[in-house]
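**Q** Take a look at the following structure, please.
The values are calculated or read from the model by the stated rules, or taken from the named source; none is laboratory data. These figures come from a predicted structure and were not determined experimentally. Please note: Cβ atoms are built from the backbone with ideal geometry, for glycine as well, and neighbour counts cover all protein chains shown.
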Amino acid sequence: MILTGHTEKIYSIKFHPLASDVLASSSYDHSVRIWDVQSRKEAIRLEGHTEQIFSLAWSPNGQQLATACKDGRLRIYDPRSSTQPCQEGSGPPGTRGARVVWVCDGECLLVSGFDSAGERLVSLHRAADLAGGALASINIVTSPSTLIPHYDPDTGVVFLTGKGDTRVFVYEVVPQAPYFLECLGFSSLEPHKVGIRI
């Protein structure tokens, strides 16, 4: 199957969590497109990005879509209502990459990226108040690779690791202070060399 529309390299794709025929994609062309897979046509194009989109994620109920962009902004869209963001706020200031996932039953966004000094940064944001800034943030061992978050909604635990890492960092994420509860991680002798799957 071929879906035609983006004019630059595609950076990420995510299937809708509830609707099997709905797919979202982001591209170097600064657009997010939502596709009707069955008809193979673009259904909605989300606007407002000024730079490369590093990551996108559907909310658990599938009603909203969050993005992390190279312009240092986090955006949340309600595609059924508007092609413009309904929430916007500051994300990681570094321009080397970022990832976003919904956590805490869709109440918060967890974002991994880099701070202005190039250190790896993980932050938690209230989805209903992105403009209010991060609730909490932590720096994790310096490395040039972006941490890839894998969230388990049943336990509220996020696993973070990246290419070249020898460790999986593990935190329980809660929507009130202290927000990040460090758990026992996992270390290996060999660094990760290719794609990460937990």
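**Q** Somewhere in region 81-100, is a residue of a type in the set (A, V, I, L, M, F, W, C) and either surrounded by 22 or more Cβ atoms within 10 Å (Cβ to Cβ) or within 18 Å of Pro149 (Cα to Cα) (or both)?
**A** So far as region 81-100 goes, yes, one or more of its residues are of a type in the set (A, V, I, L, M, F, W, C) and either surrounded by 22 or more Cβ atoms within 10 Å (Cβ to Cβ) or within 18 Å of Pro149 (Cα to Cα) (or both).
**Q** Further, regarding this structure: Do we find that Gly118 is assigned to a loop (DSSP other than H, G, I, E, B), in contact with a helix residue (DSSP H, G or I) (Cβ under 9 Å, 6 or more places away or on another chain) and not basic (Lys, Arg) in this structure?
**A** no
**Q** Shifting gears a bit: Considering only region 1-28, state which residues are in contact (Cβ under 8 Å) with a residue 40 or more places away in the chain, aliphatic (A, V, I, L, M) and assigned to a loop (DSSP other than H, G, I, E, B).
**A** Leu18, Ala19
**Q** Those residues that are of a type in the set (Gly, Ala, Ser) and part of a strand (DSSP E or B), I need them from region 43-92; list them, please.
**A** Within region 43-92, Ala43, Ser55, Ala57, Ala66, Ala68, Gly89, Ser90 meet the criteria.
**Q** To continue, here is another question. Can you run down the residue pairs with Cβ atoms below 7 Å, 6 or more apart or on separate chains, where the first is in region 45-70 and of a type in the set (Lys, Arg) and the partner is surrounded by 22 or more Cβ atoms within 10 Å (Cβ to Cβ) and assigned to a strand (DSSP E or B)?
**A** Lys70/Phe54
**Q** Please work out which residue is surrounded by the most Cβ atoms within 10 Å (Cβ to Cβ), limiting yourself to region 71-80 and to residues that are on the phi < 0 side of the Ramachandran plot and not aliphatic (A, V, I, L, M).
**A** Restricting to residues being on the phi < 0 side of the Ramachandran plot and not aliphatic (A, V, I, L, M), the top hit is Tyr77.
**Q** Confirm whether Pro153 is surrounded by 12 or more Cβ atoms within 10 Å (Cβ to Cβ), of a type outside the set (D, E, K, R) and in contact with a Lys or Arg (Cβ under 9 Å, 6 or more places away or on another chain).
**A** Taking the combined requirement at face value, the residue does not satisfy it.
**Q** Does any residue of region 121-141 turn out to be part of a loop (DSSP other than H, G, I, E, B), at pLDDT 90 or above and either among the polar types (S, T, N, Q) or within 23 Å of Gln64 (Cβ to Cβ) (or both)?
**A** Taking every residue of region 121-141 in turn, at least one turns out to be part of a loop (DSSP other than H, G, I, E, B), at pLDDT 90 or above and either among the polar types (S, T, N, Q) or within 23 Å of Gln64 (Cβ to Cβ) (or both).
**Q** Restricting to region 156-195, count the residues that are buried (at least 18 other Cβ atoms within 10 Å of the Cβ), assigned to a loop (DSSP other than H, G, I, E, B) and touching a Cys at 6+ places or on another chain (Cβ under 9 Å).
**A** Total meeting the criteria: 1.
**Q** Within the bounds of region 29-42, is there any residue that is more than 23 Å from Tyr171 (Cα to Cα), free of Cβ contacts under 8 Å to residues at least 12 places away in the same chain, over 13 Å from the mean Cα position of the chain (by Cα) and part of a loop (DSSP other than H, G, I, E, B)?
**A** Yes, some residue in region 29-42 is more than 23 Å from Tyr171 (Cα to Cα), free of Cβ contacts under 8 Å to residues at least 12 places away in the same chain, over 13 Å from the mean Cα position of the chain (by Cα) and part of a loop (DSSP other than H, G, I, E, B).
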